[in-house]
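Structure record follows, encoded as structure tokens.
The values are calculated or read from the model by the stated rules, or taken from the named source; none is laboratory data. Source: prediction; values computed, not measured. Methodologically, a virtual Cβ is constructed for each residue, glycine included, from the backbone with ideal geometry; neighbour enumeration extends over all protein chains shown.
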Amino acid sequence: MNSLPEALGLVFAMGAVILFCRAFPFLFLSGGISQKTLGNTSLKGSLLIFVEKIVPPAAMTVLAFNSLGGAFKANLRDGLLVFATSVFTALIHLWKRNALVSIIGGTALYMILIRVIRFY
């Protein structure tokens, strides 16, 4: 177990790393967006635009497949429950175009299903 000064030092170091990772794109890559060179964005600006457009959907796709894969590895019933609620969540999102409604709806359906199906 770490002493209090060691724990505070570790917390500070981890906080600094997290802050740097979150601030990195804005500190080092955002300067090129407003600067136009011959009608094209600079390399820095195009990299930031690429990261803004590609990384969030890619990360969410990886997380979705990871959750589905983990559920199916546990057992078929849990995998089917997660798959059904994922499809339900996607349909709600396509219908309402509201992330909060789709997340709450999918979570509520999953909670109901695991309690109802667990009794059978």
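For the stretch 63-74, a tally of residues being closer than 17 Å to I117 by Cβ and either in contact with a Cys (Cβ under 8 Å, 6 or more places away or on another chain) or modelled with pLDDT of 85 or more (or both) returns 2.
Among I54, I49, I18, which is the only one that is assigned to a helix (DSSP H, G or I), surrounded by 10 or more Cβ atoms within 10 Å (Cβ to Cβ) and modelled with pLDDT under 85?
Step by step, each of I54, I49, I18 is checked, and only I49 is assigned to a helix (DSSP H, G or I), surrounded by 10 or more Cβ atoms within 10 Å (Cβ to Cβ) and modelled with pLDDT under 85.
One residue stands out in the stretch 68-79 among those that are among the small types (G, A, S) and surrounded by fewer than 14 Cβ atoms within 10 Å (Cβ to Cβ): the one that is farthest from A99 (Cα to Cα), namely A74.
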